[in-house]
Amino acid sequence: MPTDRQAHRLNIRHAQRRALADWCAQGRLAMEPARQAWPDTEPRPADWHRWLQRALLALGVALLCAGVIVFFAFNWQALHKFTRFGVVAVLISALAAFAWRRPDGDAAGRAALFAAQMITGALLAVIGQVYQTGADAWQLFAWWALLAVPWALAAHAPPHWWLVVVLANVALLRFFSVELGAGLPFTLLFGVDDGKLVGLWLLAAALLQLVLWLVLSAHAPRAGVRGQGGVRLLAFLACAHAVWLGLAALFGDRFDGAMLIVALAALLGLGAWFRRRNVDLLVLSGIALSLIALIVAGLGRLLFEAGAEFGGFLLLGLLTLGLSTVSATWLMRLHRGHVQAPLSNVEPRSREQGEAARPEAAVQALWRTLAAEGAVEGQPPTDTEAPWSVRLLTGMAGWLGAVFFQLFLLGTVFVAARENRGAILVCGLALIALAALLYRRRAGHTGFEQFALASSLTGQGLAFYAAADLLGRARAVETAAFWCGIAACEMLLYAAIGNRLHRLLCALAAMVSIAIALTIAIAMGPSTPWQGIGWALVWLAPIAALKATLFVGVEGRLAALGRHHWLAPAADALLFCSLLGALIVTGIGHPLGLFTEPAARGVPHWLAGALFAVLLVGFGIVETARLQRSPRRRTAICGVLALCAALMAGAPAVVAGVLAAGLALRRASVAWLGLGLATIGLGFIWYYSALHWTLAIKSATLVAAGIVVLFARAWLARPGSTLGTADIAEEGTR
């Protein structure tokens, strides 16, 4: 998991790469200067060395903690109770001693303290095993959070405090669930009499924690309570509880206007704070989305209580798009004001100086460097691309608006012309044409783009429904040719409409359609649906990963040719579908095989793992060649990658996640990195939990793997390491 500083470096490189691609597409930068400037945005050996050390440290600690927890979950009756306590005490003491001997702020020492925090929870579980105290789950989490505080104070690092925050809030949630007899959060929200009061208490607790974090970060940052990570975590938690309270007030047994006003006031107060004192577009986007959800839900209740019927869906769709447009416009204004804020007059000539500045400053410094070389002229163009948080807000609002419009058309057009398939088809095509016209004539206008997105999605739904009806309904949908036609239509829309978000959705729809078509083509009958899906994804997921890898390899050439913006959404969709397919194959090959027919167990997940392993090793070969490593070092690196991929070939999601993380670090994409890390975690848990091993064997293998990984990290970081010395020297000369 990247630290704040590493994420900042990735953001700077990503901003520079995007700027070069945009300048080439706008004709401001010629092809040859762009090709010469692009290598400066690529990672260097020291970058890979630093990332690998962090990754091995995090992986080793995670494996060790998981092994210890699984060991005590086995609940060994053969071990005396004092033996169990002694094992936990020795582990915690060893971790504390190791951290005490490390320098202040050392990553390994902080990792040891984090492991001690986790094993403290295992100690409490052992106490519950031995003495059968009968304590509720909330008490376990509450004591765990309390005992984790000294370790966080010793580490004085934000991630340790994040764990304290998570444990404390889980304890609160479990406390109210137990006290009110609700098993699940949804039941706690709508299934108990005091649900609104619980939501109010949880909202107040989240706001109090946020205020406490801000106060401590201002007056005691050395304790580790600092950075935006904790602020964002608590802000999103407060938004979730505010939406919880608002929905409970709207859709509970009776309407509660006071609670709804409290929820809206909390969200507006958070928005005012983060607008005035701590500008954070990610948090502000979450607040805007929460407000939109409550306002639309409240108006929906009023409309349908008044008997609005299907016409209410049209009003809800227009309201959703209008609110999201206002929010996105306001957020973009804040973003542009932040970008155009006065920057330092010091021009960062070296890469190390550039990393210390903001991404916008690094982009302007890159422009000045190119201008000094005569490659560009004039002032740098204004960055018009919205941040990903704003794009996520507009995308979700567009989807919701499209759903409302389709429900409206379902009750109007479908009722009036349900027997006239041609009219429905014409209506769908007209909406798609309207969307294309709006995207072309009003490009960059958030409101028109929002309406165009909803119009296009609604039109596609109508057109595809009418086409299926004309071709025989169920018979057409059950043919591979129909879904291939859908994929072809989505590809045409991808080429015709240049909006990035629209292209991303079209690419996703095309890939899903191709997967369905291949599943139908190779299905062996209705009794083996899981096997058909598995066989289709075994090939499609690695092929999608191969295409994403090829895109990363030629990204600089595409940017120089001005084609980067044309293919980037497809690359995002390819990676997402590849990781999702790998997760599905891993699940079908293991846990679902325990509950479905034996034929589902025949899905060759090992084949998918082998194909992903080949891609991972190939990426290693290409990357080491780009870095001009010696043949001996290339062989060693590729051998290690091949060995690790072979060990996890039974879990294609893990190998695919590692490949995605490598591609993300190569192209400086935090979004790709997040997807890769999430896939690694989900795939490993999914795969390992389904192995038919005893808990003792699982514990031993996890601990052994963690020890091996940590030894590898220690070898890589040793002072006499040739790789480490070379990379550190290179880093120091920059």
_Looking at V262, V225, V243 in this structure, which one is in a helix (DSSP H, G or I) and either surrounded by fewer than 16 Cβ atoms within 10 Å (Cβ to Cβ) or under 26 Å from the mean Cα position of the chain (by Cα) (or both)?_
V243
*Output the number of residues of region 583-606 satisfying the condition of being out of contact with any helix residue (DSSP H, G or I) (no Cβ under 7 Å at 6 or more places or on another chain), modelled with pLDDT under 55 and either assigned to a helix (DSSP H, G or I) or farther than 18 Å from Y687 by Cα (or both).*
3
*Working carefully through the options L95, L91, L113, L29, find the one that is touching a helix residue (DSSP H, G or I) at 6+ places or on another chain (Cβ under 6 Å) and in a loop (DSSP other than H, G, I, E, B).*
L29
_Tell me the residue from L268, L188 that is more than 23 Å from D136 (Cβ to Cβ), aliphatic (A, V, I, L, M) and either modelled with pLDDT under 85 or surrounded by fewer than 16 Cβ atoms within 10 Å (Cβ to Cβ) (or both), please._
L268
*In the set L550, L580, which member is aliphatic (A, V, I, L, M) and either outside any helix (DSSP H, G or I) or surrounded by fewer than 18 Cβ atoms within 10 Å (Cβ to Cβ) (or both)?*
L550
_Of residues in region 191-218 being in a loop (DSSP other than H, G, I, E, B) and under 15 Å from F251 (Cβ atoms), the one modelled with the highest pLDDT_ = D193
*For V655, indicate whether it is closer than 24 Å to W539 by Cβ and not aromatic (F, W, Y).*
yes
*Which condition breaks for T3 when tested against (1) farther than 23 Å from A386 by Cα; (2) modelled with pLDDT of 85 or more; (3) of a type outside the set (F, W, Y)?*
(2)
*Sole exception among (1) within 25 Å of R174 (Cβ to Cβ); (2) in a helix (DSSP H, G or I) for D253, by number*: (2)
_Only one of A646, A660 is over 30 Å from A73 (Cα atoms) and assigned to a helix (DSSP H, G or I). Can you tell me which?_
A660
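Residue by residue, here is whether (1) modelled with pLDDT under 90; (2) surrounded by fewer than 19 Cβ atoms within 10 Å (Cβ to Cβ); (3) over 30 Å from the mean Cα position of the chain (by Cα) holds:
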site	(1), (2), (3)
R44	yes, yes, no
L56	yes, no, no
C65	yes, no, no
F85	yes, yes, yes
D106	yes, yes, no
A122	yes, no, no
*Return the residue satisfying two criteria in turn: it lies in region 565-575 and is at pLDDT 90 or above and touching a helix residue (DSSP H, G or I) at 6+ places or on another chain (Cβ under 7 Å), and of such residues it is surrounded by the fewest Cβ atoms within 10 Å (Cβ to Cβ).*
L567
*How about region 477-502: which of its residues are surrounded by fewer than 17 Cβ atoms within 10 Å (Cβ to Cβ) and not in a helix (DSSP H, G or I)?*
E478, T479, G498
*Can you run down the residue pairs with Cβ atoms below 9 Å, 6 or more apart or on separate chains, where the first is in region 553-569 and closer than 22 Å to A660 by Cβ and the partner is assigned to a helix (DSSP H, G or I) and of a type in the set (S, T, N, Q)?*
G556/T41
*Those residues of region 691-734 which are modelled with pLDDT under 80, of a type in the set (K, R) and in contact with a Gly (Cβ under 8 Å, 6 or more places away or on another chain), in sequence order*: R718
*From the options W162, W138, W144, residue that is crowded, with 22+ Cβ neighbours inside 10 Å, in a helix (DSSP H, G or I) and among the aromatic types (F, W, Y)*: W144
*asked:* Going by what's in this entry, would W151 be described as within 29 Å of the chain's Cα centre (by Cα), modelled with pLDDT of 90 or more, aromatic (F, W, Y) and on the phi < 0 side of the Ramachandran plot?
replied: yes
*Identify the residue in region 491-521 that is hydroxyl-bearing (S, T, Y) and out of contact with any Cys (no Cβ under 7 Å at 6 or more places or on another chain) and, among all such residues, is modelled with the lowest pLDDT.*
T519
*Might you check whether a residue that is in contact (Cβ under 8 Å) with a residue 12 or more places away in the chain, surrounded by fewer than 23 Cβ atoms within 10 Å (Cβ to Cβ) and on the phi > 0 side of the Ramachandran plot occurs anywhere in region 519-535?*
no
*Taking the stated definitions as given, is Q77 surrounded by fewer than 21 Cβ atoms within 10 Å (Cβ to Cβ), modelled with pLDDT of 85 or more and of a type in the set (S, T, N, Q)?*
no
*asked:* within 21 Å of A517 (Cα to Cα) and either in contact (Cβ under 8 Å) with a residue 24 or more places away in the chain or more than 29 Å from the chain's Cα centre (by Cα) (or both): which single residue out of A488, A480, A454, A436 fits that description?
replied: A480
*Please find, among V126, V90, V130, the residue that is of a type in the set (V, I, T) and free of Cβ contacts under 8 Å to residues at least 40 places away in the same chain.*
V90
*Looking at S290, S285, which one is over 16 Å from A205 (Cβ atoms), touching a residue at least 60 places away in the same chain (Cβ under 8 Å), of a type in the set (S, T, N, Q) and in a helix (DSSP H, G or I)?*
S285
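The values are calculated or read from the model by the stated rules, or taken from the named source; none is laboratory data. Given the structure is predicted, the values throughout are model-derived calculations rather than measurements. Here the Cβ is made from the backbone with ideal geometry for all residues, glycine too, and neighbour counts use every protein chain on show.
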